[in-house]
Amino acid sequence: MRSPFKFLDAFNLADKDSFFGREEEVAALHDMVLQNRLILVYGPSGTGKTSLVQCGLAARFDVTDWYPVYLRPHDIGDALRERLKMPNAEAAGLTIPEIVDELYVNNLRPVYLIFDQLEELFVLGSREEQEDFARTVLTVLQLSIPCRVLLIIREEYLAHLYPLEKTIPKLFDRRLRVETMSRSRIEGVIRRSFDTFHIRIPEPTAAYIEKMVDDLGSGRSGIQLPYLQVYLDRLYKSAANRQWPAEADKSSSWPDIILTSDDLHDLGKLDDVLEAYLEEQKVDIQQEVATQFKDAHPTLTTQVLDLLVSEEGTKRPVPCEKLPSGAKNWSKWVNALPHIPTDHLAACVDLLEKRRLVRFNDTHIELAHDALAAIIDRKRTHQQRRLHEVQQLLQAQFKSFGDTGEFLSRRQLLVMEGYLPLLEERLPPEIIQFVVNSQQDVLKKEEERLGEERQKRRRAVRLAVAGFALSLIAFTALGIALFQFNRAQKAQIARVLKAAEARKLEGEYREAISLLDVIVQGDYGRVSRSEQAHIDSLHRNWSNVSHLSAKGDSLYQLTEYRLALDLYNQANELDPDNRLREKAAHTLVELEQTFQRSLLQGEALCNAKKYDQALAAFDRALNLKPGNELALFKKQQCRLR
């Protein structure tokens with residue numbers, strides 16, 4: 001069943017009749033753009049800054065009054081050239097001010113350059129790119145044609161603009177802060193949306209709407225508009241699917257929908273609604289890809305989403321150009337995820353786009369909203385963040401190597417060494433070879449230094465007066481060499497053990513256990529008795545954890561949540577980690593929700609006098625919570641009817 005709500009999409013001009021709650025801001029912004037050539041729009045994430053411009057401001061103009069061009073700070077020239085009705089060769093020779101002038105001449109309408117997501121300039125752009133952007137804006141503002149520039153940026157990045165004020169002196173002269181919507185405005189948006197889309201709720205209407213806002217707020221000081229749209233979207237679909245067949249999707253008008261208290265109760269509070277939706281979609285998409293490709297990577301969907309989030313927790317657009325054939329150019333993605341086949345990648349991104357979690361704009365793929373980026377960033381473990389840092393360092397050093405010819409130093413290799421096994425499948429072959437060459441370069445330099453030391457030692461020996469001194473020096477050198485050799489062997493064992501523990505924390509138990517075997521069987525010298533005991537203990541615990549976790553996963557898929565939860569808890573007691581705790585917490589939520597649904601289903605069946613089915617529903621609840629007094633009481637009441 002289609003929904004009239006925007007979910008995570010921004011409002012545009014086509015939505016002007018359903019864009020509510022921002023009348024004051026729209027009027028203020030309209031006045032600003034009529035009187036000024038440069039306007040700065042800023043505010044917290046989730047306040048609807050893009051919708052305010054794309055829908056609210058756009059609706060205030062007649063079609064002959066403005067020519068909007070929506071841009072991102074990293075593709076100004078290409079995006080503007082696409083608007084020109086002239087051969088690519090001619091367009092390529094024009095500067096940006098010349099392109100803007102040409103657009104005005106061609107359309108005879110004031111040109112509005114609207115730079116959205118301006119924070120990308122500071123998250124992803126270099127200092128040189130930021131300065132170049134400022135110079136471009138200044139030259140456009142100096143044109144004699146009717147032209148306006150709107151900059152839209154998240155409030156927390158506002159301070160990053162101050163260095164650009166030297167180039168654009170009037171940067172902060174006219175600015176509009178978009179505030180988080182108040183409770184009364186949110187109630188007004190809900191009321192007007194329900195009237196527009198033929199949604200009715202029982203009396204007392206005010207009490208039901210207050211209940212919705214309470215569920216939306218969940219103790220927060222303000223409500224992000226994407227969460228409001230997600231909440232209303234899921235509420236609408238739940239009620240519509242209950243009342244109308246799928247044929248209602250074909251209707252051009254919105255059918256009458258009646259919400260009930262059960263609809264509100266089933267959806268619950270806003271807490272984790274979007275996060276739960278994201279997790280559900282990740283599982284579904286991963287399963288669909290795995291059905292299509294039997295060898296699909298088990299964390300493919302997670303890796304794709306993670307790539308679309310910057311280290312600062314914001315959206316990261318990843319280039320993906322659409323080719324003339326209609327296919328996509330995945331070269332940038334292949335460099336970042338070299339271990340993922342392109343057909344697997346294409347299938348995953350296509351499903352994410354269909355579920356409205358990502359968007360494709362002909363040149364880039366990005367998440368549908370910063371709210372998703374924040375959720376994905378919160379889910380990152382410390383291990384993942386360190387892997388990101390090491391991967392970035394490697395990529396930066398490899399790029400620098402092309403200019404300077406300098407390999408990684410021993411210190412850099414030691415910092416990375418524990419993470420390199422985890423990064424092998426994520427790095428392109430040329431970077432892996434760069435690491436190998438760096439290791440060889442370090443060994444070569446150390447051998448050269450040792451050679452120099454040997455020459456110095458020989459000269460010293462020649463100057464020695466007695467053979468006894470020579471023997472003493474040789475004996476000492478041998479002792480040092482043996483000491484260093486043993487220390488190196490110990491360090492190597494520690495590094496492999498660290499890598500094994502890292503694999504275990506990622507849930508890759510088989511690989512972790514294999515690394516433990518490498519320590520015992522490898523050429524690292526004699527393993528001490530205490531080290532052997534520690535390795536045996538880890539081997540035993542991790543094998544048991546792997547078995548318990550796998551068995552728990554199987555039971556979870558069979559909806560045997562109580563048994564699965566017991567196994568996850570047993571595994572966590574043997575060798576705790578965040579992955580096991582997250583599995584246990586997620587299973588506990590599923591158990592509680594399934595238990596409540598079984599109780600409600602049992603009550604409904606009992607009221608419908610379908611007693612055998614009702615008793616079966618209560619038995620399902622008791623299977624999840626044996627001995628639960630409420631379930632036993634309801635089952636006994638049903639038997640007495």
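Computed over every Cα-Cα pair of the chain and binned at 10 Å starting from 0, the pair-distance distribution P(r) comes out as 3, 11, 18, 21, 18, 13, 9, 4, 2, 1, 0, 0 percent. DSSP finds beta bridges in the chain, and of those with both partners inside it, around 25 percent are antiparallel. Among the protein heavy atoms, those of S18 account for about 20 Å² of accessible surface (1.4 Å probe, every chain in place). How many nm is it between the label spots at A159 and K551, if each spot is 7 Å from the Cα in line with the beta carbon? If labels sit at A159 and K551, their model points lie 5.4 nm apart. For L548, the shell of other residues with beta-carbons less than 11 Å away shows a net charge of -2, using +1 for Lys and Arg and -1 for Asp and Glu.
With R₀ set to 41 Å, the beta-carbon distance separating R380 from A28 gives a calculated FRET efficiency near 0.60. Here the accessible area is traced with a 1.4 Å probe on the protein chains. For the chain, carbon and sulfur cover 52 percent of it. As a calculated quantity, the FRET efficiency between S537 and L413 at R0 = 30 Å, using C-beta atoms, amounts to about 0.50.
Given 0.36 nm per residue, what is the gain on full extension from R2 to K294 after removing their alpha carbon distance, in nm?
101.9 nm
Restricting to DSSP H runs of at least four residues, report the calculated mean residue ellipticity at 222 nm for the chain, -39500 (n - 2.57) per run over all residues, nearest 500 deg cm²/dmol. Counting only the DSSP helices, I get -20000 deg cm²/dmol. Dipole of segment 367-432 computed with +1 at Lys/Arg Cβ and -1 at Asp/Glu Cβ about the Cα centre; of L367, Q412, H382, farthest Cα towards the positive end is H382. Label sites at L141 and N335, each approximated as a point 7 angstrom past Cα along Cα to Cβ, lie 3.3 nm apart. Full extension of the segment from E406 to E312, taken as 0.36 nm per residue of separation minus the current Cα-Cα distance, would add 30.9 nm.
The length gained by stretching the chain between E389 and V436 to full extension, at 0.36 nm per residue less their Cα-Cα distance, is 15.0 nm. Rolling a 1.4 Å probe over the protein chains gives H382 an accessible area of about 140 Å². Per residue, the chain exposes 53 Å² of accessible surface when a 1.4 Å probe is rolled over the protein heavy atoms with every protein chain present. Given a 1.4 Å probe and the protein chains as shown, R639 ends up with an accessible area of around 140 Å².
What order do T363, T301, T291, T559 take when sorted by accessible area (1.4 Å probe), most exposed first?
T291, T559, T363, T301
A Förster radius of 60 Å combined with the Cβ-Cβ distance from R457 to S530 puts the calculated FRET efficiency at roughly 0.95.
If a spin label sat at a point 7 angstrom from the Cα of D343 along the line to its beta carbon, the backbone N atoms of segment 280-316 nearer than 12 Å would be those of 292-296.
With the simple spin-label model, which puts each label point 7 Å out from Cα in the Cβ direction, the L632 to V518 separation comes to 5.4 nm.
The values are calculated or read from the model by the stated rules, or taken from the named source; none is laboratory data. This one's a predicted model, so the numbers in the text were calculated from it and none came from an experiment. Note: ideal-geometry Cβ built from the backbone for every residue, glycine included; neighbour counts use all protein chains shown. Accessible surface is based on the protein model in full, side chains and every heavy atom, while ligands, DNA and RNA are left aside. Shrake-Rupley method; radii C 1.70, N 1.55, O 1.52, S 1.80 Å.
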